[in-house]
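*Asks:* Before we start, here is the structure in question, set down as structure tokens.
The values are calculated or read from the model by the stated rules, or taken from the named source; none is laboratory data. Just so you know, these numbers come straight off a predicted model, no measurement behind them. Don't worry about glycine lacking a Cβ; one is built from the backbone with ideal geometry, like all the others, and counts go over all protein chains shown. These area figures cover heavy atoms from the full protein model, side chains too; ligands, DNA and RNA do not enter into them. Shrake-Rupley method; radii C 1.70, N 1.55, O 1.52, S 1.80 Å.
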Amino acid sequence: MLNVPSQSFPGPSSQQRVASGGRSKVPLKQGRSLMDWIRLTKSGKDLTGLKGRLIEVTEEELKKHNKKDDCWICIRGFVYNVSPYMEYHPGGEDELMRAAGSDGTDLFDQVHRWVNYESMLKECLVGRMAMKPALPKGMLPQSQVTDTLAKEGPSSPSYDWFQTDSLVTIVIYTKQKDINLDSVIVDHRDDSFRAETVIKDYSYLVHVALSHEIQEDFSVLVVENVGKIEIVLKKKENTSWKRLGHPLENHNAFIPKKDTGLFYRKCQLVSKEDVTHDTKLFCLMLPPSTHLQVPAGQHVYLKLPITGTEIVKPYTPVSDSLFSEFKEPVLPNNIYIYFLIKIYPAGFFTPELDQLQIGDYVSVSNPEGNFIISQLQELEDLFLLAAGTGFTPMVKVLNYALTNIPSLRKVKLMFFNKTEDDIIWRSQLEKLAFKDKRFEVEFVLSAPTSEWSSKQGYISPALLSEFLKRSSDTSKVLICLCGPTPFTEQGMKMLHDLNFSKDEIHSFTA
Ligand code: FAD
Ligand code: NAP
């Protein structure tokens, strides 16, 4: 379905696509980049054929527009004429045509729920559906939502609140044991208070316009063994509140996460330092009125307006160094998010990010991802296979494993790069291996200089079978992979061929 370049990343002419032993190539059409699309949308051309009118579309009408040169698609109740976009869609015309003349919401959500199609396709908007086939589940009548959940998912949390003269405490009863400070994301803005609790693949929202003003900072406490979350707000004035506030969208609803939109808050760039010739460590500061912790192995989306269109790309937070021991972060100190980001001079997003000055803002989404930290419990051998910035999810996983998993016997990282200059945090990795005897690192270079005497080449069955030695025949193993998509896909296949089971492999993807 709808796409932005990261889905076709690495770009067609990027070095990552140089063919070698079955590595993938993607055809490139000149003049059909995202920038070309944005230019077209700003040209004033009538892209819907409706001369700026918005219409109500019936299901019968939608069905008629099912050809490449006349293709309408409905996403979340809004209908777009995507024919002008066909040639710009990195996923290809065929992928878009799968939803031609129909409701493409599910297909869209399966592939890239996070893409901000509202902004990308705003000039293609035909109108709203007259019926409501695409309403997100969160907007179903509450009774229907509860019915669906009863059959499929965990039981719904509930909330309550109480007050003293100076404080208001909102209590969320999750009825789950494995709740921690990562599980709840709180944002307070002038007009809304929003606390999202993530339970497995579901999201529970307390979303209200508070009845009185509160101070900017608040605290979040979790009583893990009973799954209770307390959010303590400080009143601006010591008056008694008659009610918490009035409900906003999806308040008190418990809905599948995939049916919720991504929520963003603006974060300030506080530092940026060179790590390699092309990769930088960015530090963003969360607003004081946000509580957000990104779990190990998960990513967020960064959003920037680029020539008037909001562009979104995924990035994986890291710790500030490999030596920041993993601790349960405690508010209010946990306000910084670090990213290792490679700047591609001909890329679309990263040069803009690199242009930001200290003090500028970038929007950061809620975390996403399917890595579950409990996969590390009782683990004996952890193997990490990373290529380039595919190293980023490994940082927190590595920190977490070395600090929190007593059963761990060894952690081995095989780190694939083009040249020595491309290796992120090389000296930190070597120091860590020296300091902690459970950790080993091997660098593999695809284009080394003649002085390089260690491993070279690409991911291969020979390299993997030599590297992936269990500490005992029965040891509990996890292998994590991340890098360019073809690297990850080839790696997965090789691991299956080496008889590692599905449960023993985790690949990081969008
Ligand atoms: P793009 O515009 O996507 O271009 C990338 C390269 O392809 C450039 O060299 C460009 O020249 C070439 N290219 C693009 N389009 C064309 C074209 N039409 N013709 C020829 N060449 C082209 N990256 C990080 O650095 N750090 C992270 O922590 C990180 N985490 C990620 C997490 C996830 C889940 C995923 C999926 C990706 C992650 N990425 C990360 C990658 C990131 O999302 C972006 O893909 C990356 O930053 C490139 O974005 P860009 O817009 O600057 O480059
Ligand atoms: P890079 O420097 O281009 O590549 C790193 C190493 O991998 C190089 O040795 C490269 O060899 C090799 N390589 C590239 N394509 C390959 C392939 N098809 N098969 C085998 N080896 C291959 O990498 P990068 O620019 O940092 O890009 C990192 C990638 O990781 C991006 O695609 C990014 O989206 C992805 N990423 C994903 C996540 C996630 O999903 N969670 C997180 C972070 C990053 P050559 O250079 O010699 O070709």
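*Asks:* Being modelled with pLDDT of 80 or more, exposed (fewer than 15 other Cβ atoms within 10 Å of the Cβ) and out of contact with any Pro (no Cβ under 6 Å at 6 or more places or on another chain), is that true of even one residue in segment 149-158?
*Replies:* Yes.
*Asks:* Return a yes/no flag: does segment 398-405 have any residue that is within 16 Å of ligand 1 (Cβ to nearest atom) and surrounded by 19 or more Cβ atoms within 10 Å (Cβ to Cβ).
*Replies:* Yes, some residue in segment 398-405 is within 16 Å of ligand 1 (Cβ to nearest atom) and surrounded by 19 or more Cβ atoms within 10 Å (Cβ to Cβ).
*Asks:* Can you tell me which residue is nearest to ligand 2 (Cβ to nearest atom) among those in segment 339-350 that are over 17 Å from Leu284 (Cα atoms) and not hydroxyl-bearing (Ser, Thr, Tyr)?
*Replies:* Gly347
*Asks:* If we keep just the residues of segment 95-121 that are open to solvent by 50 Å² or more (accessible area, probe 1.4 Å) and modelled with pLDDT under 90, which is nearest to Arg39 (Cα to Cα)?
*Replies:* Glu118
*Asks:* So, Leu262, is that one aliphatic (A, V, I, L, M), out of contact with any Cys (no Cβ under 7 Å at 6 or more places or on another chain), outside any strand (DSSP E or B) and more than 14 Å from ligand 2 (Cβ to nearest atom) or not?
*Replies:* Spelling it out, Leu262 is indeed aliphatic (A, V, I, L, M), out of contact with any Cys (no Cβ under 7 Å at 6 or more places or on another chain), outside any strand (DSSP E or B) and more than 14 Å from ligand 2 (Cβ to nearest atom).
*Asks:* Quick one: what pairs do we get from segment 488-510, first residue more than 11 Å from ligand 2 (Cβ to nearest atom), second of a type outside the set (Ser, Thr, Tyr) and open to solvent by 30 Å² or more (accessible area, probe 1.4 Å), C-beta under 7 Å, 6+ apart or different chains?
*Replies:* Every condition considered, the pairs that remain are Asp497/Pro461; Leu498/Pro461; Ile505/Met492.
*Asks:* Please go through segment 290-322 and give me each residue that is open to solvent by 20 Å² or more (accessible area, probe 1.4 Å) and over 17 Å from the mean Cα position of the chain (by Cα), ordered by number.
*Replies:* Pro305, Thr307, Gly308, Asp320, Ser321
*Asks:* Further question: Which one is farthest from ligand 2 (Cβ to nearest atom), of the residues in segment 303-332 that are modelled with pLDDT under 90 and farther than 20 Å from Thr403 by Cα?
*Replies:* Pro332
*Asks:* Continuing with this model, one more query. Take Glu230 and decide whether it is in contact (Cβ under 8 Å) with a residue 60 or more places away in the chain and open to solvent by 80 Å² or more (accessible area, probe 1.4 Å).
*Replies:* Spelling it out, it is not the case that Glu230 is in contact (Cβ under 8 Å) with a residue 60 or more places away in the chain and open to solvent by 80 Å² or more (accessible area, probe 1.4 Å).
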